[in-house]
1. Heavy-atom accessible area per residue, region 49-131, 1.4 Å probe: how many Å²?
2. Just how much of Glu266 is accessible, in Å², when a 1.4 Å probe is used and the result is rounded to the nearest 10?
3. Note the full-extension length gain between Arg390 and Ala68 as 0.36 nm times their separation in residues minus their Cα-Cα distance, in nm to one decimal.
4. Using a 1.4 Å probe, what is the accessible area per residue for region 242-371, in Å²?
5. Could you tally the net charge around Asp105, taking each other residue with its Cβ under 11 Å from the Cβ of Asp105, Lys/Arg +1 and Asp/Glu -1?
6. Around Ala264, what is the net charge, scoring Lys/Arg as +1 and Asp/Glu as -1 over all other residues with Cβ under 13 Å from its Cβ?
7. Give the peptides 352-360, 222-230 in descending order of average Cβ contacts within 10 Å, highest first.
8. Could you order the peptides 116-125, 162-171, 248-257, 98-107 from most to least packed, using the average number of other C-beta atoms within 10 Å per residue?
Amino acid sequence: MPAEEEGSLRAALAGLTTRGRSFLAAGLAATGCSYVLGQSDLLRVGLLLAVLPLVCVVVLHRTRHRVAGDRALSPARVPASAEALVTLRVENVSRLPTGLLLLQDRVPYVLGPRPRFVLDRVEPGGRREVCYRVLSDLRGRYPLGPLQLRLTDPFGMCELTRAFSARDVLTVVPRVEPLPALRLAGEAAGYGDGRHRSLALAGEDDVIPRGYRHGDDLRRVHWRSTARYGELMVRREEQPRRAQATVLLDTRGGAYQGAGPASAFEWAVSGAASAALHLLHRGFAVRLLTDTGSSVPATASGDEPSDAGGLLLDVLAEIDHSPGSCLTAAREALRGGNEGLLVAFFGELDERQAQLAAGMRRPGGTALAFVLDPGRWTGLRSPHGERPVRLLREAGWTALPVAPGDSLAGLWQRAGTPAGTARSGS
């Protein structure tokens, strides 16, 4: 017997239950007494009592490595307070039936109690499936696993545990609120619906032709240029350019009070996710920017809105408070020349931070701010009052204060007019 197998078999002996140890002790005692008393019948009884638990250990030890298990998670990305379904599968690939099986999956405490299932018997080649649900009110990435399988022989002599290495990760993303299609205050006509792009996706001819390349459509040959240059020239199609948008999320730890799913910071994170996905589906190229100056481009050339939105939601699932207390880094990042729509979610703004935020708006650009004043969320009087909102409005922002219970869709409706209509009033 190889040394590794011998060592694992020796370790399996530690899985003897109280019943198995009692049988083994009784068998050894009976065998000793039969030798002293000279009773051959007692020797047979002793050998039976001693061999039975040992046979159970050997059989269970071999069976343990002939039981396969895996896990299926659906879906792998869920919004906060939504359930995900976890399916555990166990398959007996041996030629012998299993005894009692106890399944146990390891999950973080925020997802609920550790799930346990009991399977009576799995026939040779048989498969069993059990399911459980997990739910979290908090964003994050939560590991699931490893799956543990405890096997018991039919006589209850031995219990062995096997852990499978496969793990899965459940990503709990912020809740996304559907927003109405609006033209925001100051937004150029057609912004984000395709008319703001330099050329339509169908392509319009550039005045500068280029040389013919293998595979080009002969219907696009520009004959006048061909005659001029003495070689085949085709009309060039200019690439479409997407409307740009930046979603700014203020993550300063000192700008928010409280914690938990109903806190102001979670409202801001959920709002940033809702605004970004709404703009993505309207055709914008969106980037996520934080007060630290770090930028996450949610779209790249050829990206589908669903893929880009998934990437952005994964980032927001793990975003947390930053140690900073100033918006200078975000303002410097916005000076990089990114043109387009700016949607910001601010926490508490003092005089200095409100002035920095006001300067983030580009001349002639559209900027929308949601200001979560901690005084409204904690019930305490804010020392700054409505002055930060007024400063933003004086700088050309469309600024709206946010109170507990406010719906982003309702605030979004106040910020603009239905798409395709003119804005009436201020």
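1. Values: 4360 Å² over 83 residues.
I get 52 Å² per residue for region 49-131.
2. So the heavy atoms of Glu266 present about 40 Å² to solvent.
3. That works out to 109.5 nm of additional length.
4. Details: 4680 Å² over 130 residues.
Counting only protein heavy atoms, the per-residue value for region 242-371 is 36 Å².
5. Spelling it out: positives minus negatives among the neighbours equals +4.
6. On the way: positive: Arg252, Arg376; negative: Asp250, Glu266, Glu348, Asp373, Asp406.
Neighbourhood net charge equals -3.
7. On the way: 352-360: 19.4, 222-230: 12.1.
Ranking the peptides 352-360, 222-230 by packing returns 352-360, 222-230.
8. Numbers: 116-125: 13.1, 162-171: 14.7, 248-257: 21.4, 98-107: 18.9.
By packing density, highest mean first, the sequence is 248-257, 98-107, 162-171, 116-125.
The values are calculated or read from the model by the stated rules, or taken from the named source; none is laboratory data. The shown structure was predicted, so the numbers you read here are calculated from the model rather than taken from an experiment. Note that we place each Cβ from the backbone using ideal geometry, even for glycine, and neighbour counts take in every protein chain shown. For accessibility, only protein heavy atoms count, side chains too; no ligands or nucleic acids. Shrake-Rupley method; radii C 1.70, N 1.55, O 1.52, S 1.80 Å.
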